[in-house]
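> Quick one: this structure, given as structure tokens, is what I'll be asking you about.
Each value in this text was obtained by applying a stated rule to the coordinates, not by laboratory testing. The model shown is predicted, which means the values in this text are computed figures rather than measured ones. FYI the Cβ positions are ideal-geometry reconstructions off the backbone, even for glycines, and counts take in every protein chain you see.
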Amino acid sequence: MERQIQRFLNKLSFASITIATFTLLFLLLRTPQTCLPPASSSGHLRFPKSTCDSSARHYFPLEKKNQRLWSTRTFQSQVSSYSAFFRSLQSLGLLRNHSRVLCVSAGAGHEVMALTEIGVSDVTGVELVDSPPLVSRADPHNLPFFDDAFDLSFSAHLAEALFPGLFAAEMERTVRRGGACVVAVEECGDEEVKDIVMLFKNSKLLSVQNVTLIGLRMTRIVMKVKSAS
Ligand SMILES: *[C@@H]1O[C@H](CO)[C@@H](O)[C@H](O)[C@H]1NC(C)=O
Ligand SMILES: *[C@@H]1O[C@H](CO)[C@@H](O)[C@H](O)[C@H]1NC(C)=O
């Protein structure tokens with residue numbers, strides 16, 4: 001009996017190793033060797049800040065797909081929820097129409113659309129998986145932007161980050177001195193807020209508020225990036 005179990009376990013681990021090997025091979029083969037420049041010749045470079053953008057390829061079907069997605073009630077209600085959220089930052093004086101805003105881990109781009117709708121003209125959204133034209137592909141832990149490139153950086157997905165410290169450091173690095181890092185996390189108390197603020201080593205806490213965002217009870221944490229010491 002025991003030997004049978006042993007044999008079964010051996011088989012199982014052999015199977016896992018095989019699967020892992022194939023997965024690894026698949027990933028290796030999938031990774032592009034080179035990054036070709038975007039095929040767009042019309043001067044309409046949507047994401048010049050990213051080196052590896054192949055999104056322009058499927059433009060037409062994509063437009064249809066986006067129209068379908070963007071017209072769903074869920075999408076629209078989430079966008080208007082984000083709009084209300086960002087208006088509150090406008091009233092704090094942290095966000096203006098000409099602010100350069102970065103949305104990190106922006107998913108399908110609800111927040112990008114919301115910012116655009118309330119009049120912010122320079123909005124960049126990034127996510128591991130792109131959703132053109134709202135969100136381009138970039139690793140939140142290694143953002144392809146210069147230091148101080150933005151006035152405000154926002155994320156509702158810091159808590160899901162693989163390396164929250166790195167995620168926060170990158171948000172901070174890309175925001176100019178005096179700019180703001182804003183995160184929305186699952187509703188939490190002072191202790192958790194303190195832990196989160198500590199991840200932003202070069203910022204000071206400006207405001208904490210419990211809010212309802214996309215139907216969820218969340219805590220909005222606003223931090224101001226300190227001037228260089
Ligand atoms: C910002 O843009 C919105 C929408 O386009 C507009 O209604 C608003 O007046 C603008 N605000 C300023 C201060 O220009
Ligand atoms: C937010 O709600 C939590 C309870 O869920 C509470 O502990 C915390 O004090 C609230 N924060 C603020 C700023 O009101």
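> From (1) within 13 Å of ligand 2 (Cβ to nearest atom); (2) under 17 Å from Ser153 (Cβ atoms), pick out the condition that doesn't hold for Glu191.
(2)
> Still on this structure: Select from region 105-122 the residues that are within 13 Å of ligand 1 (Cβ to nearest atom) and not hydroxyl-bearing (Ser, Thr, Tyr) and write down the one among them that is nearest to Val79 (Cα to Cα).
Once the filter is applied, the top-ranked residue is Ala114.
> Next question, about the same structure. Quick check on this structure: which one of Phe167, Phe200, Phe154, Phe145 is under 24 Å from Ala84 (Cβ atoms), buried (at least 17 other Cβ atoms within 10 Å of the Cβ), of a type in the set (Phe, Trp, Tyr) and away from ligand 2 (no atom under 16 Å from the Cβ)?
Result of the check over Phe167, Phe200, Phe154, Phe145: Phe154.
> If you go through region 84-138 one residue at a time, how many are within 11 Å of the chain's Cα centre (by Cα) and part of a loop (DSSP other than H, G, I, E, B)?
Of the residues in region 84-138, 9 are within 11 Å of the chain's Cα centre (by Cα) and part of a loop (DSSP other than H, G, I, E, B).
> Does region 178-187 contain any residue that is part of a loop (DSSP other than H, G, I, E, B), of a type in the set (Gly, Ala, Ser) and within 16 Å of ligand 2 (Cβ to nearest atom)?
The answer is no, given that none of the residues of region 178-187 is part of a loop (DSSP other than H, G, I, E, B), of a type in the set (Gly, Ala, Ser) and within 16 Å of ligand 2 (Cβ to nearest atom).
> Identify all residues within region 210-229 that are outside any loop (DSSP other than H, G, I, E, B) and touching a residue at least 40 places away in the same chain (Cβ under 8 Å); write none if there are none.
Val211, Thr212, Leu213, Met218, Arg220, Val222, Met223, Lys224, Val225, listed by residue number.
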